[in-house]
Amino acid sequence: LPTKISLGPSDAFFPIPAALIVSGVEPKHNVATVAWIGIVSSTPPTVGISLKKDRYTLQLIREFGEFTVNIPSASLFKEVDFCGLTHGRERDKLKAAGLTPIAGKLTKTPIISECPYNMECKVTQELELGDWVLVLGEIVETSIDEDKIDTSNLAKIDIATVDPLVYCAKVRQYWSIGKKLGEGFGAGKDILKEK
Ligand SMILES: Cc1cc2nc3c(=O)[nH]c(=O)nc-3n(C[C@H](O)[C@H](O)[C@H](O)COP(=O)(O)O)c2cc1C
């Protein structure tokens, strides 16, 4: 067994998504990169995103009470990085990155056309955590590009085609997802049988 080296208290975590959060409503809309993100409830479907207090995104989310989560493909990693390097108070980042805002179904906040998977969220709670704020949003609608799902079975998202961007914090690296290994809630059954 390998020897462990202590790294101390740390927020290093990997792999995680690097999502594009759209906030605000035309003409006051904005996009920012967020890697502190995760699903925190299934009923109702809820996503948590953590934002530092100075983010323009947080200001707009508080003003409009909603946001959208847009999952980029790996090929968009430069645009994603750009959206994490500058503040939306200073420029229209969607325009500068060549990203197209399109109407959501249930939020006034737009979704991003170039991102294959999108979630529309209404804010339900906020929790202050030091310099950061955890914002919880109920996911009221999701959408996916037609060519990335089996339209006769909507459970079958083609992950290889979505090719979601992967981020590794601390080392600050973008990766792509790699190859499928097996089925969730299935692969472990081999071990279950042995017990
Ligand atoms: C890969 C990556 C991940 C990031 N994750 C977060 C995050 O989870 N929360 C956050 O507040 N900022 C995060 N940032 C920084 C913001 O995207 C950045 O401060 C941005 O300028 C905020 O834009 P805004 O002020 O227009 O909202 C991340 C940046 C990068 C490049």
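The values are calculated or read from the model by the stated rules, or taken from the named source; none is laboratory data. Quantities reported herein were computed from a predicted structural model and do not represent experimental measurements. Cβ: placed from backbone, ideal geometry, glycine included. Neighbour counts: every protein chain shown. Just the protein is used for accessible areas: all its heavy atoms, side chains included, with ligands, DNA and RNA removed. Shrake-Rupley method; radii C 1.70, N 1.55, O 1.52, S 1.80 Å.
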Point to revise | Cα gyration tensor shape of the range 33-181, rounded if a/c is under 1.5, else prolate or oblate by comparing a/b with b/c | key: rounded
Review point. Length gain on complete extension for the stretch residue 81 to residue 144, per 0.36 nm per residue less the alpha carbon to alpha carbon distance?
Key: 20.4 nm
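Give me the percent relative contact order of the chain, please, defined on Cα pairs under 8 angstrom at least 6 residues apart. Can you show the working numbers first?
On the way: 375 pairs, mean separation 46.3, N = 195.
Result for the chain is 24 percent.
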Point to revise | J(HN,Hα) series, the range 144-155, from Karplus relation 6.51 cos²θ - 1.76 cosθ + 1.60, nearest Hz, glycine and proline x | key: 9, 4, 4, 7, 10, 8, 7, 5, 8, 8, 5, 7
Practice item. Would you work out if the range 22-121 is rounded, prolate or oblate? Take a ≥ b ≥ c from the square roots of the eigenvalues of the alpha-carbon gyration tensor; rounded if a/c is under 1.5, else prolate when a/b is larger than b/c, oblate otherwise. Key: rounded
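Taking only protein heavy atoms into account and a 1.4 Å probe, give the accessible area per residue of the range 70-195 in Å².
Details: 8330 Å² over 126 residues.
Per residue, the range 70-195 has an accessible area of 66 Å².
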Review point. Label residue 41 and residue 5 with points 7 Å out from Cα along Cα→Cβ: what is the distance between them in nm?
Key: 4.2 nm
Point to revise | the chain: most fluctuating residue of 178, 65, 137 per GNM, C-alpha cutoff 10 Å | key: 178
Review point. Residue-wise, which Karplus ³J(HN,Hα) couplings in Hz belong to the range 46-58, taking 6.51 cos²θ - 1.76 cosθ + 1.60, θ = phi - 60°, and x for glycine or proline?
Key: 9, 10, x, 10, 10, 10, 5, 4, 7, 5, 4, 3, 5
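Carbon and sulfur: what percent of the chain's accessible surface (1.4 Å probe)? List each step's numbers first, then the result.
Working: 6860 of 12180 Å².
Solvent-exposed carbon and sulfur of the chain make up 56 percent of the total.
Residue 171 to residue 103: FRET efficiency via 1/(1 + (r/R0)^6), r the Cβ-Cβ distance, R0 35 Å, to the nearest 0.05?
Values: r = 37 Å, r/R0 = 1.06.
Once rounded, the FRET efficiency stands at 0.40.
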